[in-house]
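Read-outs throughout are calculated quantities, based only on the coordinates presented, and are distinct from any laboratory measurement. On a predicted model such as this, the values are computed, not experimentally measured, just so you know. In this analysis, Cβ positions are derived from the backbone assuming ideal geometry, glycine residues included, and neighbour counts consider all displayed protein chains.
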Amino acid sequence: MAEQENEDRTEQPSEKRLREAREKGDVPRSRDLSGAVVVLAGVSALMSSGEHSVEHVRRIYGLGLSYGRDALFSDALPSRVLGMAMHEAFALFAPVAMATVLASLAAPVLLGGLNFSGEALQPKFERLNPIEGLGRIFAMRGLVELGKSLLKLLLIGAVLVLVLKNWQTDLMSTGHGDVVAGMFKAMSLLGHGALLFGSVLALIGGADALYQKFDHSKRLRMTRQELKDEAKESEGNPELKGRVRQMQYQMARKRMMQELPKADVVITNPTHFAIALRYDEGRMGAPRVIAKGLDELALQIRLVASSHRIPTVEAPPLARALYATTQMDREIPATLYVAVAQVLAYVFQLKQAVARGEQPPKTPQPDIDPDLMGPYKF
């Protein structure tokens, strides 16, 4: 059953699943990569302070070889020599220790990023079960870890054998000749050997980082049903969303009807479309749609416009183009400026004619590009 479930997990983990895993402290980590970074940092610190390191080593050796006759018969000699040696050793290894500590804190950030999880610190007593422990050892991950350990042993062992074989003469020559030169050569061999050792660890760590990232993603894979369930959970109940959309539509419709009395003109189809326009030359760059509707809503817009004595102009192509191109509370597109300007000029002339008792002007029929009507072209 477990194998069948793993076979069904073919989908990549979602952002929600990755976030939940991160909150639990489950992020990809590579101990081999961290170890390689720590070793390389320590070696770099040791080699960068080569002359100072050799000087501290020389002083430590000198403490055991140079003291006078009076010091030999002094009871304070051992404690004094030990204290001075510890001081020199601290000065020798302090840069290395500081570099390795900083590297050990920064190395985990290279894979998985910086992450702190309180849940990961909670004790899990089920891990104390010896049967489950044996199961983890003989599981696939346990076998992979065993293979990695054997591979590391072989690679590192082979590198050390090659180093000892090729540097045998240099190692033996450090005991001959000048003491300071021998110490300097020994420190140089130690640094280069550690650098080679760290480089091998870095190769192993890089390969392990790729594997840990792949294994982490594989463990968090999801089935298609889990993706569907998560989508439903994140999107919410469809019925509830439908009610919310209906309430939003009703509220928007109510606000639209409240703004409608401010319109300067209502352009109609004449029965299926109704678009209310408002233009304030001092505050708007172009006429703005403050209400629009189809069929029943268009009828309500015409009734409200009639009750507030807002001029209604029948211009079917322009009405369809405005409905298709302009959203609510947005200015009309530049391609309709001329057509709308003709309608507004007609409304202005109509008001003057009514005030003077003259014949009303002829209703304009602006020429509209059919492509502007979109799906309402026919």
Next on the checklist: Ranking request for peptides 260-270, 184-194: highest mean number of other beta-carbon atoms within 10 Å first, then the rest in descending order.
Outcome noted: 260-270, 184-194
Checklist entry - Taking the Cβ-Cβ separation of Glu281 and Glu226 as r and a Förster radius of 45 Å, what is the calculated FRET efficiency to the nearest 0.05? => result 0.15
Checklist entry - Packing-wise, with mean Cβ within 10 Å as the measure, how do 355-365, 36-46, 333-343 rank, highest first? => result 36-46, 333-343, 355-365
Checklist entry - Taking square-rooted eigenvalues a ≥ b ≥ c of the alpha carbon gyration tensor, is the stretch 256-376 rounded, prolate or oblate, where a/c under 1.5 means rounded and, failing that, a/b exceeding b/c means prolate? => result rounded
Checklist entry - Assigning unit charges at the beta carbon (Lys, Arg +1; Asp, Glu -1) and nothing else, what dipole magnitude in debye, to the nearest 20, does the stretch 253-321 show about its Cα centre? => result 240
Checklist entry - If we count every other residue with Cβ under 9 angstrom of Thr326's Cβ, Lys/Arg +1 and Asp/Glu -1, where does the sum land? => result +2
Item to check | Relative packing of 318-326, 221-229, 294-302, which averages over residues the other C-beta atoms within 10 Å, highest first | outcome: 318-326, 294-302, 221-229
Checklist outcome for this item: Label model pair Glu23, Glu259: point-to-point distance (7 angstrom along the Cα→beta-carbon line) in nm is 3.9
Next on the checklist: Using a 7 Å offset from Cα along Cα-Cβ at Ser307, what residues in the stretch 324-344 end up with backbone N under 14 Å from the label point?
Outcome noted: none
Item to check | Förster-model FRET efficiency, 41 Å R0, Leu189 and Arg219, C-beta, rounded to 0.05 | outcome: 0.40
Item to check | Packing-based exposure ordering (other Cβ within 10 Å, fewest first) of Met47, Met256 | outcome: Met47, Met256
Checklist outcome for this item: Counting only residues 5 or more apart in sequence or on a different chain, those whose built amide H sits under 5 Å from that of Val313 are Val266, Ile267, Thr268
